[in-house]
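The values are calculated or read from the model by the stated rules, or taken from the named source; none is laboratory data. These numbers come from a predicted model, not from an experiment. FYI the Cβ positions are ideal-geometry reconstructions off the backbone, even for glycines, and counts take in every protein chain you see.
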Amino acid sequence: MPRVEQKRMRVLSPDELSQILKVCKKPRDKALILFLVDSGMRRSEARSLNWIDIDITSGVVNIRRSKSKKARSVFIGVKTRRALLRYRRSISHEDNDPVFQTQTGTRLRPSGFRQVIRRISEKSEIPFSAHDLRRTFATLSLKAGMNVLHLQSLLGHSSLEMTRRYVQMVENDLGEAHKEYGPIDRFLR
């Protein structure tokens with residue numbers, strides 16, 4: 001069988017991410033986008049979170065059951081925590097209440113979660129999905145210097161091969177890496 005060429009999966013640029021955040025007028029929407037990009041969580045994992053699972057002070061988020069049915073922890077930064085606090089002020093936030101809620105205070109269903117993402121995507125005029133936000137987390141984290149083993153653990157991947165599929169280096173990144181580390185220019189000065 002001939003090899004099927006893998007298509008490049010969508011990863012948002014920082015400029016696209018800024019544009020998306022600008023259209024998020026509801027505190028929930030902004031918190032959701034920041035949370036997904038900052039944590040790298042899967043849509044189903046974020047949907048199933050309760051407030052007790054998030055330590056706002058430290059930024060630790062406990063995932064009780066992931067896709068692999070194993071518990072793991074991820075982290076969120078200060079800006080994401082602030083957005084979550086702003087959002088939390090407008091909703092019921094007892095320990096066992098869902099983090100991402102409908103207007104009536106119930107947990108977002110999978111279709112509702114997709115609908116929120118789709119609405120934000122249409123408003124921003126940037127096509128993206130929740131999974132694109134997860135890939136964006138992976139790619140931007142690696143570009144910022146995160147160790148690939150740490151990234152693998154945060155994403156909940158059992159193999160580095162799966163993590164490799166998520167992280168895509170664009171030609172500019174590869175060109176910059178070559179400028180910095182290319183053997184001829186570096187060692188034959």
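Here are Thr57, Thr80: which of them is part of a loop (DSSP other than H, G, I, E, B), at pLDDT 95 or above and under 25 Å from Leu21 (Cα atoms)? Before the answer, list the steps.
Details: Thr80 fails: part of a loop (DSSP other than H, G, I, E, B).
None of the others qualify; the one that does is Thr57.
Restricting the search to the range 93-145, which residues are among the small types (Gly, Ala, Ser) and either surrounded by 12 or more Cβ atoms within 10 Å (Cβ to Cβ) or outside any helix (DSSP H, G or I) (or both)?
Gly105, Gly112, Ser121, Ser124, Ser129, Ala130, Ala138, Ser141, Ala144, Gly145
I need the full set of residues from the range 135-156 which are in contact with a helix residue (DSSP H, G or I) (Cβ under 7 Å, 6 or more places away or on another chain) and of a type outside the set (A, V, I, L, M), in order please.
Arg135, Thr136, Phe137, Ser141, Lys143, Gln152
Return the pairs, sorted by first residue and then second, in which the second residue is among the acidic types (Asp, Glu) and assigned to a helix (DSSP H, G or I), the first residue lies in the range 127-146 and is under 16 Å from Ile20 (Cα atoms), the beta carbons are less than 8 Å apart, and the residues are 6+ apart or on different chains.
Phe128/Glu16; Phe137/Asp38
Would you point out the residue of the range 63-87, among those that are free of Cβ contacts under 8 Å to residues at least 40 places away in the same chain and over 20 Å from Ala138 (Cβ atoms), that is surrounded by the most Cβ atoms within 10 Å (Cβ to Cβ)?
Arg81
Would you be able to say whether some residue in the range 41-50 is at pLDDT 95 or above, touching a Ser or Thr at 6+ places or on another chain (Cβ under 8 Å) and among the polar types (S, T, N, Q)?
Within the range 41-50, not a single residue is at pLDDT 95 or above, touching a Ser or Thr at 6+ places or on another chain (Cβ under 8 Å) and among the polar types (S, T, N, Q).
Restricting to the range 154-189, name every residue that is part of a helix (DSSP H, G or I), under 14 Å from the mean Cα position of the chain (by Cα) and at pLDDT 80 or above.
Looking only at the range 154-189, we keep the residues that are part of a helix (DSSP H, G or I), and these are 154-155, 160-166, 171-181, 183-187.
Filter once more, keeping what is under 14 Å from the mean Cα position of the chain (by Cα): 154-155, 163, 166.
Leu154, Leu155, Thr163 - these are the residues of the range 154-189 that are part of a helix (DSSP H, G or I), under 14 Å from the mean Cα position of the chain (by Cα) and at pLDDT 80 or above.
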